[in-house]
Each structure stands twice: as C-alpha cells, then as structure tokens.
Amino acid sequence: MAAQKAPSLGKLLKEQGLVTEEQIVFSLHEQKATGELMGACLMRLGILTDSDLAQVLAEQSGQTFVDLRTFTPDQELLAKVPYRIAKQFQFLVLFEDAGVLHIAVADPFSTVASEHAYRTTGQQVEVYVGGEMELQKLIERFYYLMENPVEQEINNIVGRLRRNPGGDVDVDKLVDNLLGVAVSYRVTDMHITPSDISSRIMFREDGVLRPAHVFPSGLHNRLVTNIKVRAGMDISEQRKPQDGRMSFEFLGEVFDVRISTVKTNFGENMVMRLLASKGSSVFNINDLGFEREIVESLNRLFSSPYGMVLVTGPTGSGKSTTLYAALRQQDAIGKNILTIEDPIEYQLLMIRQTQVNEKAGYTFSAAIRTFLRQDPDVMLVGEIRDEETAILGVRAALTGHLVLSTLHTNTALGALARLKDLGVSSYLLSTSLAGVLAQRLVRKLCVHCRKPAEHTAEELKEYDLPEDGKYFQAVGCNQCRNTGYYGRECVSELLVCSEPILRLVADDAPLGEILDQARQEGFSELVNSGRRKVMNGVTSINELRRVLG
C-alpha cells in the first residue's frame with residue numbers, strides 16, 4: 001500500500017485553530033536563528049504541544065488519537081516486540097483486543113511502523129496516533145523497566161534485610177530505584193513513613209495514596225539521611241521540620257524533587273514531590289475533562305482584557321494545570337505575560353516566568369508590585385494567600401490587567417467570602433472579579449476492565465441518578481495496576497460574574513441570594529458535573545463519593 005501524502009503542517013495547524021498566522025511568522029524568525037523544523041520550533045516556544053500535533057495528524061489521517069501522557073503498557077505485550085525494533089521504527093504496543101495488536105505511532109502517514117509490527121508479531125495491527133516526544137520517552141522508559149526489573153531488586157533488598165537487618169545495602173541506588181519506579185507510575189508524591197518496626201514507602205497515584213514497599217525500620221534513617229544529603233539539608237537536625245530540593249534524572253528526563261520532613265513519634269517523616277523540570281507539555285483546556293459549555297465560558301474569561309479570574313479547590317485538585325492551560329490560550333506574542341509561581345511547574349518560553357524567593361523578599365505581593373512596572377497585559381499569581389496579595393491582585397485587575405490566580409476554597413461562591421475575609425471590600429470585588437472556577441479531580445474508570453454496576457435505590461438517590469441509567473464500577477487489571485482507574489479529569493462549577501451578580505456582591509447580599517441568581521443564569525454545582533460523569537461511564541459512584549463526599 002502506498003503511503004499517504006502528509007499535508008502541510010502549517011496549513012493543518014491553522015485550520016484547527018491551534019496556531020495563528022502571526023505565530024507562524026514569529027516561529028519563522030526563530031527558525032532563522034536556530035535551524036529547527038517548524039513543528040519543533042512551535043513546541044519549544046510553547047505555542048504548540050506534542051499532543052496538539054498528534055491530535056491534528058490523527059484527525060487528518062482518520063486514525064484514533066491516544067494520549068500517551070496517561071498510558072502504561074502491559075509488559076507481556078511489550079515483550080512481543082524487541083526494543084531495537086520499537087525504537088528504530090518508533091512504535092509502542094498499547095494493548096491487544098481479539099487478537100489484534102493496537103500500537104501507537106507518531107507519523108500516521110507512514111506504514112513502516114505497522115508493517116514491522118505485523119512482521120515481528122504475525123498479528124493484525126491497529127494504529128493509534130500519539131505525541132512523538134512522549135512516544136520516544138515511553139519506549140525508553142518501559143523497555144528499560146522491562147529489561148531492568150527494578151521492583152524485583154527492591155523486593156530482594158527487603159528479603160535480605162529481613163534475614164539480616166544489619167546487612168549492607170547500596171542506599172544511593174535504592175533511592176534511585178524508588179524514584180525511577182515512582183516516575184514510571186506517574187506518582188506525584190512519595191512518602192517515607194516510619195513506624196515502630198518498619199519504614200513504609202507510599203506513592204500518591206491519581207490523587208490516592210497507595211502502599212508501594214515496606215522495609216525493616218533499621219533502613220529508615222539511612223534512606224532519609226541519603227536524601228537529605230542530596231538535597232543539601234541538615235542531617236544533624238531531626239527535631240525541626242525542614243524543606244529542601246534536589247534534581248533527579250531518569251533516562252534523560254530531569255525531575256525537580258521538593259522535600260519536606262517532620263518529626264513524628266517514630267522518627268522523621270519525609271514527603272517528596274516530583275515535578276518534571278523540563279520536557280513536560282502543558283495541557284490544552286479541551287483536554288482537562290471540562291464540559292463544552294464550561295470550556296466556552298472559560299475561553300471568554302481567559303481572553304478578557306482585564307479583570308480577575310480565580311481557580312479554587314483543595315490542594316491537588318488541578319488548579320495549576322488549569323491556569324497553565326489558560327496561559328496557552330493567551331496571545332504570547334502580542335501580550336506581555338508575567339507569572340509568579342511557587343514553584344515553576346512548566347516552562348513556557350514565550351512567557352516571563354518568575355519564582356517565589358522568600359529569603360530574598362520576593363513574595364507573591366512583592367511580585368505584583370514589580371509586575372506593574374513591567375508593562376504587563378496578563379499576570380498569573382500562583383496563589384492568593386494573604387490580605388496584601390489579595391488587595392494588590394484586585395487593584396491590578398481594576399487598572400486594566402487580566403489577573404489569573406488560585407484560592408483555597410471549596411466552592412466558587414466560597415471565593416467571594418474568602419476574599420472579603422482577606423480584606424477586599426465588596427465594592428472592589430464587584431468591580432474587579434470576572435469569574436470563579438471551582439474544580440476537583442475524579443479518577444477515570446479503566447476502560448479495559450470496568451464492568452457494569454448495580455446500585456440500590458438509596459445509592460442512586462444520593463446523587464439524584466436515574467434508576468434506568470447504565471453505571472460502571474472499578475475492577476482492576478494490568479493496564480491500571482489493579483486499581484480499576486486510570487488517569488483523572490475535572491468536575492467543576494463556574495461562576496461567571498454577570499452584572500446582576502456583581503450588583504448583589506456590591507450590596508453585600510447573602511451568598512444564598514447570589515446562588516439563586518447564578519442558578520437562574522445557568523450556574524451548575526460541582527455535584528451536577530460529577531453526576532454527569534457517572535452517567536456517562538467516566539467514573540463511578542464510589543469515586544464521586546470519595547471526592548465530593
């Protein structure tokens with residue numbers, strides 16, 4: 001079969017609304033200095049992501065897009081294709097269904113990958129399209145883990161220490177192995193927790209803390225000390241809490257590791273947060289699970305010339321990811337965009353990003369003052385934590401700037417009360433606030449193993465679900481590491497501050513009255529968003545109960 005002719009990349013991207021003519025021209029100027037290909041240049045500048053390009057190519061070729069950022073292959077299936085073949089011809093086995101092998105490729109207009117997959121396995125092949133950089137990363141990562149069974153090495157150490165608690169252990173290598181496994185399972189936080197006779201390693205995956213490994217207690221201090229040395233922390237101080245940071249490299253990808261320790265009755269408890277310091281792509285607002293009406297309203301808010309837009313929710317609810325997606329919506333060529341973050345989680349080269357440095361006096365509030373002298377159009381303030389930051393942010397929004405920030409409240413309406421608590425007057429609030437998004441993250445049911453669920457009338461009534469609906473429950477398989485879930489997406493509520501709502505805010509109306517007005521204008525609470533995801537088979541009632549209560 002003759003290979004399809006790939007259409008012009010620039011034309012495809014413009015047709016899909018992913019880039020503008022101005023951005024193409026800008027990247028051409030960059031190319032003159034760097035010699036890059038168009039796609040590589042657009043991705044480096046943060047105008048385009050690996051995933052964006054893959055989705056465009058998938059649509060144009062008639063193939064299915066697969067988001068490789070949330071994928072873990074089955075090792076038995078992976079073993080059907082040797083590493084050298086997968087690397088040379090750039091494809092990755094995803095799953096098998098009815099004898100057909102489903103693979104991910106980056107270039108759907110070439111049949112080379114599918115031909116070699118067929119020759120190697122003798123099976124019919126179905127092609128999916130994934131991002132090229134993510135594909136290369138996963139090929140390296142998962143073949144490495146298959147050929148170097150790191151978890152087995154860790155389990156062997158546990159066995160040796162059980163027989164001989166004082167035995168020799170290469171702690172440096174053990175820490176590297178633990179971090180490598182954590183990275184491969186998309187872990188956001190690793191906990192090292194002491195108990196009376198053991199030291200537990202816990203991984204936070206998809207927002208849920210899960211046990212990973214348990215060592216004899218004698219190893220705990222050695223683990224903690226090794227990490228504190230790497231992070232430049234004081235190993236002699238075990239009574240006071242400490243914070244530190246270090247870098248960790250795994251197969252060419254560098255991770256920034258933020259470390260926190262606190263003294264417990266059994267010893268120091270350590271929590272390590274893993275952040276990819278480079279090579280991570282920012283999600284598109286359409287990829288986060290928001291409903292279509294919410295996306296349309298958010299796009300209008302994020303394109304406003306001035307005003308304050310807030311994203312609220314507890315820690316770990318995806319607020320920063322949403323704000324980074326908002327930055328991607330901005331015209332980074334025609335606007336001066338400045339950020340103050342703690343820490344910088346994604347690098348966006350077209351945007352002026354800065355990081356909190358409290359020792360140097362560079363706080364959120366100090367940054368806002370500085371930004372106002374930098375001729376800004378858009379300001380991202382990582383978090384509103386105190387009265388000074390809240391008032392300065394509101395005033396910046398009043399003086400013709402778009403201010404994006406986060407706030408720790410449970411609901412969108414709760415942000416109004418919280419800002420008043422922080423000293424923002426009702427008048428200032430009513431003249432500056434454009435909108436408030438409240439969100440949570442629910443785990444998505446694994447599509448490979450979920451099964452129909454039966455619920456009692458009482459369970460369905462809890463979330464006002466119809467009795468004749470089709471619902472699913474988690475099971476667990478190799479694809480999802482036996483959790484029954486894989487990946488997460490947002491449930492949300494969006495308060496768009498219309499003139500009637502702002503008048504009520506200015507008049508200090510009760511929140512219940514503001515809520516009634518918002519409902520008349522189409523406002524829908526978090527629980528309704530979650531209910532729709534259950535009805536659509538995205539998540540389960542149990543998961544909704546875990547997240548929303």
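The values are calculated or read from the model by the stated rules, or taken from the named source; none is laboratory data. Computed from a predicted model, the values in this text were never measured in an experiment. Here Cβ is always computed from backbone atoms with ideal geometry, including for glycine, and neighbour counts include all displayed protein chains. Heavy atoms of the whole protein, side chains included, go into the accessibility calculation; ligands, DNA and RNA do not. Shrake-Rupley method; radii C 1.70, N 1.55, O 1.52, S 1.80 Å.
In this structure the chain gives 46 Å² per residue of accessible area when probed at 1.4 Å with all protein chains present.
For the chain, the cysteines with no partner cysteine C-beta closer than 4.7 Å are C41, C490, C497. With a simple spin-label model that places each label point 7 Å from the Cα along the Cα-to-Cβ direction, the separation between E30 and Q238 comes to 5.0 nm.
Only the Cβ atoms of Lys and Arg (+1) and of Asp and Glu (-1) were treated as charged; on that basis the dipole of the chain about its Cα centre amounts to roughly 1100 debye. For percent of Cα pairs over 42 Å apart, the candidate list reads [x] 31; [y] 38; [z] 26; the entry that matches the value derived from this model is [z]. For the listed residue pairs K319/K444; K240/K359; K87/K444; K80/K470; K32/K87, the alpha carbons are over 28 angstrom apart in K87/K444; K80/K470; K32/K87. For segment 262-376, the square roots a ≥ b ≥ c of the C-alpha gyration tensor eigenvalues yield an a/c of 1.5 or more together with a/b not exceeding b/c, which makes the shape oblate. For the pair segment 121-176 / segment 279-308, the C-alpha centres are spaced 36 Å from each other. Once a ≥ b ≥ c are taken as the square roots of the eigenvalues of the Cα gyration tensor of segment 133-263, is the result rounded (a/c under 1.5), prolate (a/b larger than b/c) or oblate (a/b not larger than b/c)? The shape class here is oblate. Annotation for V229 and E521: the two label points, set 7 Å from Cα along the Cα-Cβ direction, are 6.0 nm apart. Of the solvent-accessible surface of segment 188-303, computed with a 1.4 Å probe and all protein chains present, 50% belongs to carbon and sulfur. Residues K228, K80, ordered by accessible area of protein heavy atoms at a 1.4 angstrom probe radius and largest first, appear as K80, K228.
Of the listed residues F283, F250, the order by accessible area with a 1.4 Å probe, largest first, is F283, F250. Across all C-alpha atoms in segment 186-248, the radius of gyration and Dmax reach 12.5, 35 Å. Sort segment 70-166 into rounded, prolate or oblate with this rule: let a ≥ b ≥ c be the square roots of the eigenvalues of the Cα gyration tensor; rounded if a/c is under 1.5, and if a/c is not under 1.5, prolate when a/b is larger than b/c, oblate otherwise. Taking the square roots of the gyration eigenvalues as a ≥ b ≥ c, segment 70-166 is prolate. Protein-only accessible surface at a 1.4 angstrom probe places the residues H29, H401 in the order H29, H401, largest first. For n ≥ 4 DSSP H runs only, could you compute -39500 (n - 2.57) per run for the chain, divide by its residues and tell me the 222 nm figure to the nearest 500? It lands at -11500 deg cm²/dmol.
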